[in-house]
1. Just for helices (runs of 4 or more DSSP H) wholly inside segment 177-249: which have at least 1 residues that are open to solvent by less than 30 Å² (accessible area, probe 1.4 Å), over 30 Å from K157 (Cα atoms) and of a type in the set (A, V, I, L, M, F, W, C)?
2. Name the pairs whose Cβ atoms lie under 6 Å apart, with the first residue in segment 255-274 and free of Cβ contacts under 8 Å to residues at least 40 places away in the same chain and more than 15 Å from V153 (Cβ to Cβ), the second in a helix (DSSP H, G or I) and open to solvent by 30 Å² or more (accessible area, probe 1.4 Å), and 6 or more positions between them or separate chains?
3. Within the set of pairs 6+ apart or on separate chains, which have a first residue in segment 92-114 that is in a helix (DSSP H, G or I), a second that is of a type in the set (D, E, K, R) and open to solvent by less than 60 Å² (accessible area, probe 1.4 Å), and C-beta atoms under 8 Å apart?
4. Kindly indicate the residue of segment 92-145 that is of a type in the set (F, W, Y) and open to solvent by 70 Å² or more (accessible area, probe 1.4 Å) and also farthest from K271 (Cα to Cα) among those meeting that condition.
5. Specify which of the listed residues (L119, L96, L113, L107) is more than 17 Å from Y203 (Cα to Cα) and at pLDDT 90 or above.
6. Checking the structure you have, find out if any residue of segment 66-82 is open to solvent by less than 60 Å² (accessible area, probe 1.4 Å), in a helix (DSSP H, G or I), in contact (Cβ under 8 Å) with a residue 12 or more places away in the chain and within 17 Å of W193 (Cβ to Cβ).
7. Return only the number of the condition from (1) under 25 Å from L102 (Cα atoms); (2) at pLDDT 90 or above that V164 does not satisfy.
8. Of the residues N311, N303, only one is part of a helix (DSSP H, G or I) and crowded, with 20+ Cβ neighbours inside 10 Å; which?
Amino acid sequence: MALSKTAGAADKPRKEHKFTKEALKKDFKKNKMKYLLVIPLIAFFLIFSYFPMVGLTMAFCDYRPNLGIFGSLFERFVGLKHFKDFFGSIFFGRVLKNTILLNVWTLVISFPLTIIVALMINEAKNKLFKKTVQTLSYLPYFISMVVLCGLMVDFCKSTGVLGVLMSAITGKPQNLLSVASYWRPIYIGSGLWQGLGFGTILYVAALSGIDQQLYEAAKIDGAGYWKQMLHITLPGIRPTIIIMLIMNVGMLMGGAADKTILMYNMQILDKADIIASYVYRKGLLEGGYSFSTAVGLFNSVINFILIVVTNHFSKKYSETSLF
């Protein structure tokens, strides 16, 4: 009899929760404080992320400050003119090539190096040594970009630390930032110095979450250090690696405009000029607001496509994805 009652209860269809006005009011009364806590977050994204997107319409008109965004859009609409001007510009090939090369080299060098450093920190047995290394490697990240670039400019002078060291090797004193072939190594090297330690935080956290019993079982089975690394450690942090890779690929067309602007000069413009610095120069220095908006929109669309495509392949072949 009890079994029949249980079976009958199990056969009854579950009541689906219907989203109605009354249900919303009831839920709001029940969780009033939670809704109030969400309001500042929603307001932040609306004000600083979504409302400014209205400015993207400047890419399709000849913007004039006295007319405003919508006035310029209705009275001076030009369609895809600014995009065509950018694609036909003599600077298009240069800034596109420099942006891709700089970011690809940064990804190829910094991404695996960050993982390696995280693995090395995780293997440190002495807690004091481990904490000291972590603290010292994190500190450069908190240095202002302006200060960092000022230091690099001073270091790269002919009388600076790096300038003197290079002159001892080449026998020719020179300002390193005036030599185009040195730009990418300096840019990437300064980025590693500033962000390498801080970039290991996620990986170290992921490593700490791996079940230590797996290592003990592997040792009993006779697995050495490298086999433990290949079959336990790396698979344990694989989801974190994939997510970070997707995010990094999604920024391949980006670039630190502030860092580039603070460090480059006319002597190395052919190698140092990227899309971000080009947008700054055309928009703020030359007043080409609509043109620079079009270039920035093109850059953002390419980044969006890259992150969607990378996420798709990651989801298909590894079952790990951002969305």
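1. Numbers: elements: 183-199, 201-208, 212-220, 225-228, 234-249.
Once the helices (runs of 4 or more DSSP H) in segment 177-249 are filtered for at least 1 residues that are open to solvent by less than 30 Å² (accessible area, probe 1.4 Å), over 30 Å from K157 (Cα atoms) and of a type in the set (A, V, I, L, M, F, W, C), what remains is 201-208, 212-220, 234-249.
2. From segment 255-274, the pairs are A257/Y280.
3. So the pair list comes out as R94/D273; V95/D273; N98/D273; L101/R184; L102/R184; W105/R184.
4. F129
5. L96
6. No, segment 66-82 contains no residue that is open to solvent by less than 60 Å² (accessible area, probe 1.4 Å), in a helix (DSSP H, G or I), in contact (Cβ under 8 Å) with a residue 12 or more places away in the chain and within 17 Å of W193 (Cβ to Cβ).
7. Looking at each condition in turn, V164 falls short on (1).
8. Only one candidate qualifies: N311.
The values are calculated or read from the model by the stated rules, or taken from the named source; none is laboratory data. Small disclaimer: the values here were computed from a predicted structure and weren't measured. Methodologically, a virtual Cβ is constructed for each residue, glycine included, from the backbone with ideal geometry; neighbour enumeration extends over all protein chains shown. Quick note on the areas: whole protein, heavy atoms, side chains included, nothing else; ligands and nucleic acids left out. Shrake-Rupley method; radii C 1.70, N 1.55, O 1.52, S 1.80 Å.
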